[in-house]
Each structure stands twice: as structure tokens, then as C-alpha cells.
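To start, the structure itself, in C-alpha cells.
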Amino acid sequence: MKVIIVELSTSHEECIYAQVLFLKHAGIETSLLLHKALAQQVSSYETLCKSVDYIHPLKKGAFRKIRQQVRTAQKLKQYDLVIFNTASSSKFVRNLCLLLLTASVPCVGVLHNGNKLLKSFTQRIISLKIKKYMVLSDQIKDYLSGKTAIEVSSFYPIFFPDYKSEITKPKEDVWIAIPGRIDWQRRDYMILINALSKLKHFKNLKFLLLGKLDTSRAEEKELWEAITKNDLQNAFLCFNSFIANEEYHGYIKASDFILPLLKSEDNYLKYKISGSFNLAYAYKKPLLCKQFFEPLEDLKENAIFYPGDELDKLLFHILDDNMVLPEGYTNPKWSFKYQQANYMEFLDL
């Protein structure tokens, strides 16, 4: 049995390792075909794979692009199963699915936005070949249930390589991680800045902005100006360059809490998931979430909720060491055994 996982974008590498591990533990020969930009990120686990090949999808030259896509399709036909790690929003993936339409090799896709199955014309074309999709939470699967005839299951890619890191947190500090790139559209940074401005002291409280803060870019500059304007520099740990996986995961492991800082958007209650959630699930960290997200079953045992305008009160309780932590991660679904069995069953492997 030969399986290949394909990722033609520069994103979503964080979902690959868990799948490789699931297949490896089942004794299945697994290969990767990845965008060349992901080479550094997968270097720590590429030895688990039979082969790892890289591709740079061409952006110009119609004939050259067609030739690249035909060659890629011919390569994929050599496998018993193709898993598209990002099975949407890509002309390359769409064209590969058309080229593989009459081939015997079955294809499965991972969807990072469940709504694509309901509203995307490109997804309809992709689904001519891909008849089974995996989404990244039970809530997304439940949302799609009954809305599409396509078979959908869920899995949680919450397992990562054992990155070696020398990062240690001072014993008296409280670290709260905010993972992911700086993004004003998705995250409400002003809620945090306003909350910190209300506190009398936050000496031992440190917020880790785990994304590149490049002040030459408008969004990042706006955030840094808001921080400095309120004299909050000492409350933040920032990075002005790409954070390597070892360091990134080291900071997550050392943190006491994960703060997604997401805005109150219905799509997170239906068909999307924040990468912050999966990082918290992976390292069994309590989440600090707006009450808006309380309906999510995955968060109920793993999160502390606060009204949108009362984050300062929550932070005060944390500083005062008066916080009652959730019981956290008692559901068997957070185990490797459960997730692997669920994944393999859906793939009929």
C-alpha cells in the first residue's frame, strides 16, 4: 500500500505530521509531494517517509503550467491513495483532479474551510474526483451533516514532532501565547491592549506574539504603535523574523495559557477552526476565549470564558493566582490512539 500526501500551497504544513504518523504506525508506506517553501518545516520528520519531493507551482506560461500539471498527475497515478492536504482554492489541485478523473487511484481531501463544499464552484469541480473529505473539528463535520451528499469526517492534527528547545519560563512569570501571524481582520488586539491598560500592574504577565512583527508593514506597525502608545512593551514578547518550528513549539510548550483573541465571527462556530485551538489541544493548554465561543463543545472542558469587555478581570484573577482552571482534556478523542483509529477507518485502510 502506497500513499502520498500532497500540499501545493505554502500553508497548512502543521496538518501533515499527524497524518504521516498515523500512516507510519499502521505500517503504510507514505510519501510527500510538497511546495518547495515547506522544505525547512518538514525536515525534522522527512525520514519517516518513503520519499519527499518538492515542487514549485508555476505562475506563468500556460503550456509550461499544463506540462507541469500533467507530469504531476502521472506521478500521482503510481500510488494507491492520494491525500490532498489542502483540497480547495487551487487551480493546480482542480486541474489535477480533472487529469485524474479517469484514473483508478482514489483521492481524499482535507478541507480547512467547510463552507467550500457548500458554496464554491471550484470545489464542485474538485469533488468530481474527491468523494471523501476530512475537516479539522467535529463541529465542522456536524455543521456539514445533512447539507451535502459528500462523505465528510473529522480528525484533529494535534500531534507534532518532539522539537528540542531550550526555552524555559521564569518560575514567577505567567506566559500567555497568541499563536499565528499578526492579523487585525481575525484578531481583536485592542481588547487585549485596553484590558492591560486597566490593570495596575502586570510585572510577571507576558504575552507571546508568535508571529513575525514586521513594522515595515501597515498592520504590524499599527499593532506596535498601539502597544508603545500605551507603554505596554514590557508586557509583550515579539519577533521581527520568521520563528522556526523548534522555537515556536518551545514557546507554546512553556506557556501557561493560549489566547486566540479571535473576533466574534459565526464562521468559527460553523465551518472553520483556529490553529490556536489545535495548538492548545496538542499541548493540553487551557484556552482563554470570549464567551461567544462557549457553544463549541471542544472548548467546554478546555477553556476559560470571559465577556468580550471583561478580559481585564480575567487577567487580574490570573495575576492574583485566583483562577480556577478547567478540568481539561479528559475526553478520549484527544489521544493518539483515538485519532489514528478514526483517521484510518475513514480512509478504509
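The values are calculated or read from the model by the stated rules, or taken from the named source; none is laboratory data. What you see is a predicted model, and the numbers here were worked out from it, not measured in a lab. Backbone-built Cβ (ideal geometry, glycine too); neighbour counts: all protein chains shown. The accessibility values were calculated without ligands, DNA or RNA, using every heavy atom of the protein model including side chains. Shrake-Rupley method; radii C 1.70, N 1.55, O 1.52, S 1.80 Å.
A few notes on this one:
- Residue check for Tyr79: at pLDDT 95 or above and of a type in the set (Phe, Trp, Tyr): yes
- Flag if Pro260 is under 21 Å from Arg186 (Cβ atoms) and more than 20 Å from the chain's Cα centre (by Cα): no
- Some residue of segment 18-37 being within 24 Å of Ser137 (Cβ to Cβ) and charged (D, E, K, R): yes
- Candidate set: segment 1-38, residues that are among the charged types (D, E, K, R) and part of a helix (DSSP H, G or I); chosen: the one least open to solvent (accessible area, probe 1.4 Å): Glu13
- Meets criteria (small (Gly, Ala, Ser) and under 19 Å from the mean Cα position of the chain (by Cα)) for Ala177: yes
- Any hit, segment 39-47, residues being β-branched (Val, Ile, Thr), farther than 21 Å from Gly180 by Cβ and either assigned to a helix (DSSP H, G or I) or open to solvent by less than 70 Å² (accessible area, probe 1.4 Å) (or both): yes
- Restricting attention to segment 278-297, the residues that are buried (at least 18 other Cβ atoms within 10 Å of the Cβ), part of a helix (DSSP H, G or I) and in contact with a helix residue (DSSP H, G or I) (Cβ under 7 Å, 6 or more places away or on another chain) total 3.
- The residue that is nearest to Lys119 (Cα to Cα), counting only those in segment 59-75 that are surrounded by 13 or more Cβ atoms within 10 Å (Cβ to Cβ) and of a type in the set (Lys, Arg), is Lys65.
- Candidates are the residues of segment 76-95 that are outside any loop (DSSP other than H, G, I, E, B) and without any contact (Cβ under 8 Å) to a residue 60 or more places away in the chain; the one that is most open to solvent (accessible area, probe 1.4 Å) is Lys91.
- Residue within segment 341-349 that is on the phi < 0 side of the Ramachandran plot, at pLDDT 95 or above, in contact with a helix residue (DSSP H, G or I) (Cβ under 7 Å, 6 or more places away or on another chain) and assigned to a helix (DSSP H, G or I) present: yes
- In segment 50-58, the count of residues that are open to solvent by 20 Å² or more (accessible area, probe 1.4 Å), among the hydroxyl-bearing types (Ser, Thr, Tyr) and assigned to a strand (DSSP E or B) is one or more.
- The number of residues in segment 186-223 being open to solvent by less than 10 Å² (accessible area, probe 1.4 Å), in a helix (DSSP H, G or I) and free of Cβ contacts under 8 Å to residues at least 40 places away in the same chain comes to 1.
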